[in-house]
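Report on the structure given below.
Coordinate-derived values only; no laboratory data. Here the structure is a predicted model, which means the values were calculated and not measured. Virtual Cβ from ideal backbone geometry, glycine too; neighbours counted across all protein chains shown.
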Protein chains: 2
Amino acid sequence: MSRIVTVAAAQLGPIQKADSRESVVARMIALMEQAKAKGATFIVYPELALTTFFPRWYHENRAEADHWFEATMPSPATQPLFDKAKALGMAMSFGYAELTPDGHHFNTSILVDKTGKIVGKYRKIHLPGHVDYDTSRSHQHLEKRYFEPGDLGWPVWEFEGGLMGMAICNDRRWPETYRVMGLQGVEMVVLGFNTPSVNAQRGDEKIEDRMFHHRLSCQSGAYQNATWVVAVAKAGDEDGHHCMGGTLIVDPNGKIVGEIDHEDDGILVHACDLDATIFGKETIFDFKRHRRVEHYGLITERVGVGAPLGK
Amino acid sequence: MSRIVTVAAAQLGPIQKADSRESVVARMIALMEQAKAKGATFIVYPELALTTFFPRWYHENRAEADHWFEATMPSPATQPLFDKAKALGMAMSFGYAELTPDGHHFNTSILVDKTGKIVGKYRKIHLPGHVDYDTSRSHQHLEKRYFEPGDLGWPVWEFEGGLMGMAICNDRRWPETYRVMGLQGVEMVVLGFNTPSVNAQRGDEKIEDRMFHHRLSCQSGAYQNATWVVAVAKAGDEDGHHCMGGTLIVDPNGKIVGEIDHEDDGILVHACDLDATIFGKETIFDFKRHRRVEHYGLITERVGVGAPLGK
């Protein structure tokens, strides 16, 4: 069995409010065909891939946002994507807003195998932003209004011959995300993001700073867990709101092996050798020899900052 | 009360086996005088600052290494350093090998206030390397032979008008290190290191890669906890074994504000505004709003890698 997974990081350019899911799925299929032509066997699309990044839009009545959510998956609009993936023998991952039968709302990603079967689901745990309209911000980021925090943890799946995990957007900034998967031996973390180019609470933090933090987070998570990281943007100008690009693939040594330099639809393909994770996992990050959990207690005991312990 | 702490990161060039502690202390005092002249009020020296990096030398009988350890602190050899710090009103931190009255061995750092009083002690938790002689390595790294893992956790102290923490060398690669201190509100982490320029188990990993991992670890730890990080090297060629430099100061945004570009004795001085930590701590890394400890359980439940949880 080969340990090479040839991944296509499939960046999406902007999706306007007025764009239909069908039009987006057509773009995703076009990217999948490009990925297939370049030898990819696994394609990764961004967070909330089917719609505009709607959490920037405030609704007093939250139910008015429900039309951005999917009540089934595959849905009628995404069935052609599943059909195409199955026809091409392409595994895939993408994000969408999930409305459960019992009325819960999540920011979700799925893993779909080459037969079109959904074999893994992740619901975003680190929701950024805020619940109520915030006049102090240059733009709204209402993920805490429209979604509940994920309730599935960070499982790692046997998938495509390796150990695969998922994260979404803001999760990538939190070392706990990667570590929980690292402790399951993860070899590749795939994640999508929608990241505004300017900090809504600090206008002088612009795209270069935001890109720096993005890379720093993905690279350190990869290095410190000896895993591949595939991070995929939805980029460009959505109805006057700009999101950065920066779709990239990081190797288990923390090095960026490729990055997309535009903000349109496009793919980045890389043959990722999962065996490249072994050296780090068996030496400097051989957790069983080096971790000292007896001193990590605060990480799960405290949610927020508490008193300093030095006396 | 001012929230500026003017720090001097005081890099030491090589210390040979034959060099006396008195000769090293004289070098440390010279750096302290330079730091004072440049307006610093707090000087940080490297890990195991008083001696060569002795864990590279194997002794069948471990007790033969005891002469590298300090049984008291201040010791006769370091008393002049404490006296000078008190005379200059300079706070300081440095590392040394600690032998306790009851026979335990630790890789230790201390915080010393402006009156010369030891107010904080940290014992290195993440010991790298190995216990027994390893013929497969290009050089030995016997920290697990000569030291026990630290038993004091990572306390944070009120110090110099801010919240101060310590780490040592390999600790900086572990996100748990910074997070445990971040959960105590740490505003500055000081750490020293002795990092061989070549990976003993992978000869093609050379100084550029090692420096990359060093910076990546310090920068991500700073950013993800919105804290200053001051990392200080012992550098250069010790009896034919080369350690990298890379003494640097990272701001709470993850940016390197200064770095020493040589491998000799030298200082890097920066006026660190502890209030620069506030923005990150109150927004994207406002732990109490964003952390989800109910999903972090594996971090303390598992030491090493266990079974994947995806089904």
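When the stretch A:124-162 is filtered for residues that are free of Cβ contacts under 8 Å to residues at least 40 places away in the same chain, hydrophobic (A, V, I, L, M, F, W, C) and out of contact with any Lys or Arg (no Cβ under 8 Å at 6 or more places or on another chain), the ones remaining, listed by number, are A:154, A:156.
Evaluation of residue A:123 against the conditions (1) surrounded by 18 or more Cβ atoms within 10 Å (Cβ to Cβ); (2) in contact with a helix residue (DSSP H, G or I) (Cβ under 7 Å, 6 or more places away or on another chain) shows that the sole unmet condition is (2).
Inspection of the stretch A:144-162 finds a residue satisfying the criterion of being part of a helix (DSSP H, G or I), over 19 Å from the mean Cα position of the chain (by Cα) and either crowded, with 20+ Cβ neighbours inside 10 Å or not aromatic (Phe, Trp, Tyr) (or both).
Of the residues that make up the stretch A:153-173, is at least one facing another protein chain (nearest Cβ under 10 Å) and more than 27 Å from residue B:301 (Cβ to Cβ)? No, there is no match, as no residue in the stretch A:153-173 is facing another protein chain (nearest Cβ under 10 Å) and more than 27 Å from residue B:301 (Cβ to Cβ). Set side by side, the residues B:271, B:231, B:226 differ, and just one is under 23 Å from the mean Cα position of the chain (by Cα), of a type in the set (A, V, I, L, M, F, W, C), farther than 22 Å from residue A:214 by Cα and surrounded by 24 or more Cβ atoms within 10 Å (Cβ to Cβ), which is B:231. For the condition part of a helix (DSSP H, G or I), touching a residue at least 24 places away in the same chain (Cβ under 8 Å) and more than 8 Å from every other protein chain (Cβ to nearest Cβ), residue B:179 does not qualify. Considering only the stretch B:106-115, I want to know if a residue exists there that is acidic (Asp, Glu) and closer than 21 Å to residue A:288 by Cβ. No - not one qualifying residue is present in the stretch B:106-115.
Based on this model, can you work out whether residue A:189 counts as more than 11 Å from every other protein chain (Cβ to nearest Cβ) and not in a loop (DSSP other than H, G, I, E, B)? Taking the combined requirement at face value, the residue satisfies it. Within the stretch B:89-97, does at least one residue satisfy the condition of being more than 17 Å from the chain's Cα centre (by Cα), within 20 Å of residue B:167 (Cα to Cα) and away from chain A (no Cβ under 11 Å)? Checking the stretch B:89-97: not a single residue is more than 17 Å from the chain's Cα centre (by Cα), within 20 Å of residue B:167 (Cα to Cα) and away from chain A (no Cβ under 11 Å).
When you scan the stretch B:206-311 for helices (runs of 4 or more DSSP H) that lie fully inside it, which ones turn up with 1 or more residues that are under 30 Å from residue A:156 (Cβ atoms) and at the interface with chain A (Cβ under 7 Å from one of its Cβ atoms)? Ranges flagged: B:207-225, B:287-290, B:298-301. Applying the condition of being closer than 25 Å to residue A:238 by Cα and in contact (Cβ under 8 Å) with a residue 60 or more places away in the chain to the stretch A:167-176 and asking which residue is nearest to the chain's Cα centre (by Cα) yields A:168. How do the pairs read when you match residues in the stretch B:234-255 that are of a type in the set (Ser, Thr, Tyr) with residues anywhere that are outside any strand (DSSP E or B), using Cβ under 8 Å and keeping only pairs 6 or more apart or on different chains? These pairs meet every condition: B:247/B:235; B:247/B:260.
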